[in-house]
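Coordinate-derived values only; no laboratory data. In this text the structure is predicted, and so the values were computed from the model without any measurement. So basically every Cβ, Gly included, is an ideal-geometry build from the backbone, and we count neighbours across all protein chains shown.
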């Protein structure tokens with residue numbers, strides 16, 4: 001029974017430490033995103049990704065505390081990742097859209113509410129960005145059409161950010 005008391009105490013300490021870390025990271029991310037003027041939807045995504053990493057750390061910590069055989073655990077995890085990797089490779093368009101969404105999220109200056117022009121010789125798409133998800137960019141054109149563009153296509157075609165919307169946003173700050 002003493003062994004279980006040590007494990008329970010260790011579990012409680014791990015949960016308390018991670019709860020404190022959750023709160024500190026949440027405050028730091030909020031402060032950082034306000035300083036960098038990152039919109040609320042992106043802040044939520046950053047928080048969710050951070051929470052995912054912390055939950056993984058919690059799961060590994062609990063596995064160590066409760067004596068799960070790490071060799072078997074790692075075999076299980078690598079098997080799951082291998083199956084997911086094969087599945088994503090089979091769905092190349094899904095993987096390319098997810099990769100493009102990560103690039104759009106972290107390294108591209110397009111934000112929700114921006115007026116943009118998609119650079120394409122066949123279409124004249126000019127309008128406002130309504131939403132950017134993991135797979136698609138949603139846009140309302142100046143003609144009143146609501147269009148959905150795969151993120152991979154947005155990365156391939158390129159985007160021109162029109163100045164009208166950016167200036168009003170900077171004036172509000």
Open item on the list: I need the Debye-formula profile for region 107-172: one equal scatterer per C-alpha, no solvent, reported as log10 I(q)/I(0) at q = 0.12, 0.16, 0.20 1/Å, two decimals.
Closed with: -0.27, -0.49, -0.76
Open item on the list: Nearest 10 degrees is fine. How inclined is helix 2-35 to the longest principal axis of the chain, computing both from alpha carbons?
Closed with: 20
TODO: Quickly estimate the mean residue ellipticity at 222 nm for the chain, helices only: each DSSP H run with n ≥ 4 gives -39500 (n - 2.57), and the total goes over all residues, rounded to 500.
DONE: -22500 deg cm²/dmol
Open item on the list: Let's test the formula: R0 of 45 Å, r as the Cβ-Cβ distance of residue 11 and residue 43. What FRET efficiency results, to the nearest 0.05?
Closed with: 0.90
Task: Cβ-derived FRET efficiency at R0 22 Å, residue 126 paired with residue 98, nearest 0.05 - done: 0.25
TODO: Please give the contour-minus-distance gain from residue 156 to residue 72: 0.36 nm per residue of separation, less the Cα-Cα distance, rounded to one decimal in nm.
DONE: 26.0 nm
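Once you have a ≥ b ≥ c as the square roots of the Cα gyration tensor eigenvalues for region 12-59, tell me rounded if a/c is under 1.5, and otherwise prolate or oblate according to whether a/b is larger than b/c. Don't skip to the end; give the middle numbers.
Details: a/c = 4.27, a/b = 1.97, b/c = 2.17.
It is oblate, given that a/c is not under 1.5 and a/b is not larger than b/c.
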- [ ] With no solvent and one equal point scatterer per Cα, compute the Debye intensity ratio I(q)/I(0) for the chain at 0.09, 0.16, 0.21 Å⁻¹ and report its log10, rounded to two decimals.
- [x] -0.50, -1.05, -1.35
- [ ] Using 0.36 nm per residue of separation minus the Cα-Cα distance, give me the extension gain between residue 36 and residue 55 in nm, one decimal.
- [x] 4.2 nm
Task: GNM flexibility winner over the chain from 97, 146, 107 (Cα, springs under 10 Å) - done: 107
TODO: Enter the angle in degrees (range 0 to 90, nearest 10) between the Cα long axis of helix 163-172 and the first principal axis of the Cα atoms of the chain, meaning the one along which they spread out most.
DONE: 60
Open item on the list: Only Cα pairs within less than 10 Å get springs; with that Gaussian network setup on the chain, which residue of 112, 60, 132 has the largest fluctuation?
Closed with: 60
- [ ] Could you tell me how many degrees, from 0 to 90 and to the nearest 10, lie between the Cα long axis of helix 40-65 and the main elongation axis, the longest principal axis, of the Cα atoms of the chain?
- [x] 20
Open item on the list: Please state the shape class of region 2-90: rounded when a/c is under 1.5, otherwise prolate if a/b exceeds b/c and oblate if not, all from the C-alpha gyration tensor.
Closed with: oblate
